[in-house]
Amino acid sequence: MIRVAVAGYAGRMGSAVVDAVTAADDMEVVCGIDPHAAEAAFPVFETVDAALDAAEVDVLVDFTQPDVVAGNLAVALPRGVDCVVGTTGLSNEALQELAATAAEGTCLFYAPNFTTGAVLMMEFARAAAPYFPEAEVIEFHHCNKKDAPSGTAVRTAEIIAEARAPRMSEAPGRETEMPGAQGARGALVDGVPVHSVRSMGFVASQEVVFGSLGQTLTIRHDSWDRTSYMPGVLLGIRSVGERDGIVVGLENLMA
Ligand code: NAD
């Protein structure tokens, strides 16, 4: 049995992880970490440090907050606990720095998106990018999301920028924004405009809109339920034991 600790277990994603791990027959939740602790069927702790002192843990799953995830990983990785991280907001540099603190043989796996559909959306965007001079990303999330743009949108923009270099967009930018409407052309991530919509009714959706002479191509993915992330999270939990160092992106684990 893989012994799993869930940081943020009382949150929207954390509670879905608890359900998915509990339903799997090769892993179990040995403890949860959340300062806003709810009643649970396993021991709960306020900090990762306290949890790792008290429980034998193979894998820490983190779905917490952008401002606490680095602190959690800085405790778990040097102690040799493999980490599966879904919390967004960490820069590539921060991930690399944290991975460098890991004990030998320990793996840090971060996926900006754990759904297979979003991973494929990014791969399709990579394939399309060389053929379209214009590309913009529009992401749609529930209004409790704490970071904008989403980690998926940032990764998609990075992939488009890598795939289309040195081709540059000729679309008008911030210089065309009207006074009082700054931001209308989106945030530039590696030169790709990214627009963040926050509204009730959404879980997580994204469109990538490509344009060239006389044509557009739109790639769209929708997560309507948090169960959509769970096969990817379980794959991560099952995979980290055989790996070490840093792995970024579910595509690296998908067969
Ligand atoms: P949420 O606010 O519902 O849950 C976060 C939980 O973390 C809360 O219960 C909070 O009490 C807890 N928490 C706060 N500080 C903590 C600490 N120091 N230690 C442990 N727990 C702590 O948020 P959510 O909707 O579940 O999202 C969590 C994160 O996951 C966000 O960063 C979100 O962007 C990300 N996310 C990633 C994916 C993906 O596929 N990678 C998908 C959805 C959400």
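The values are calculated or read from the model by the stated rules, or taken from the named source; none is laboratory data. Keep in mind that what you see is a predicted model, and the values were worked out from it rather than measured. For neighbour counting, all protein chains shown are included, and Cβ atoms are generated from backbone atoms with ideal geometry for every residue, glycine included.
Table for the structure above
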read-out: Total residues in the stretch 196-255, condition acidic (Asp, Glu), part of a loop (DSSP other than H, G, I, E, B) and away from the ligand (no atom under 12 Å from the Cβ); value: 1
read-out: Considering residues of the stretch 145-196 that are under 19 Å from the mean Cα position of the chain (by Cα) and hydroxyl-bearing (Ser, Thr, Tyr) only, the residue nearest to Ala118 (Cα to Cα); value: Thr152
read-out: Sole exception among (1) part of a loop (DSSP other than H, G, I, E, B); (2) under 20 Å from Ile2 (Cβ atoms); (3) of a type in the set (A, V, I, L, M, F, W, C) for Cys143, by number; value: (2)
read-out: Residue satisfying all of: in the stretch 203-255; polar (S, T, N, Q) and touching a residue at least 40 places away in the same chain (Cβ under 8 Å); surrounded by the most Cβ atoms within 10 Å (Cβ to Cβ) among these; value: Gln206
read-out: Any hit, the stretch 89-96, residues being within 19 Å of the chain's Cα centre (by Cα) and closer than 20 Å to Leu234 by Cβ; value: no
read-out: Hits in the stretch 131-144 - residues which are closer than 21 Å to Gly117 by Cα and crowded, with 16+ Cβ neighbours inside 10 Å; value: Ala135, Glu136, Val137, Ile138, Glu139, Phe140, His141
read-out: Output for the stretch 46-67, where each listed residue is in contact (Cβ under 8 Å) with a residue 40 or more places away in the chain and either small (Gly, Ala, Ser) or farther than 14 Å from Val4 by Cα (or both); value: Ala51, Ala55, Thr64, Gln65, Pro66
read-out: Some residue of the stretch 20-33 being hydroxyl-bearing (Ser, Thr, Tyr) and in a loop (DSSP other than H, G, I, E, B); value: no
read-out: Contacts under 8 angstrom Cβ, first residue in the stretch 12-29 being under 22 Å from Trp224 (Cβ atoms), partner of a type in the set (Ser, Thr, Tyr) and surrounded by 20 or more Cβ atoms within 10 Å (Cβ to Cβ), 6 or more apart; value: Met13/Tyr229; Gly14/Thr64; Ser15/Tyr9; Ala16/Tyr229; Val17/Tyr9; Val18/Tyr9
read-out: Residue identified as surrounded by 15 or more Cβ atoms within 10 Å (Cβ to Cβ) and away from the ligand (no atom under 13 Å from the Cβ) among Ala99, Ala118, Ala76; value: Ala99
read-out: Residue count for the stretch 44-73, restricted to those that are part of a loop (DSSP other than H, G, I, E, B), over 17 Å from the mean Cα position of the chain (by Cα) and surrounded by 14 or more Cβ atoms within 10 Å (Cβ to Cβ); value: 4
read-out: Verdict on Gly86 being more than 16 Å from the ligand (Cβ to nearest atom) and closer than 30 Å to Val30 by Cβ; value: no
read-out: Checking Glu93 against (1) in contact with a Pro (Cβ under 7 Å, 6 or more places away or on another chain); (2) under 23 Å from Asp244 (Cβ atoms); (3) of a type outside the set (Val, Ile, Thr), the condition it does not meet; value: (1)
read-out: Matching residues, the stretch 79-96, being surrounded by fewer than 23 Cβ atoms within 10 Å (Cβ to Cβ) and either touching a Ser or Thr at 6+ places or on another chain (Cβ under 9 Å) or of a type in the set (Ser, Thr, Tyr) (or both); value: Arg79, Gly80, Ser91
read-out: Any hit, the stretch 28-49, residues being within 8 Å of the ligand (Cβ to nearest atom) and of a type in the set (Ser, Thr, Tyr); value: yes
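Quick grid of which residues meet (1) assigned to a loop (DSSP other than H, G, I, E, B); (2) modelled with pLDDT of 95 or more; (3) basic (Lys, Arg):
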site	(1), (2), (3)
Ala125	no, yes, no
Ala128	no, yes, no
Val137	no, yes, no
Ala171	yes, no, no
Met178	yes, yes, no
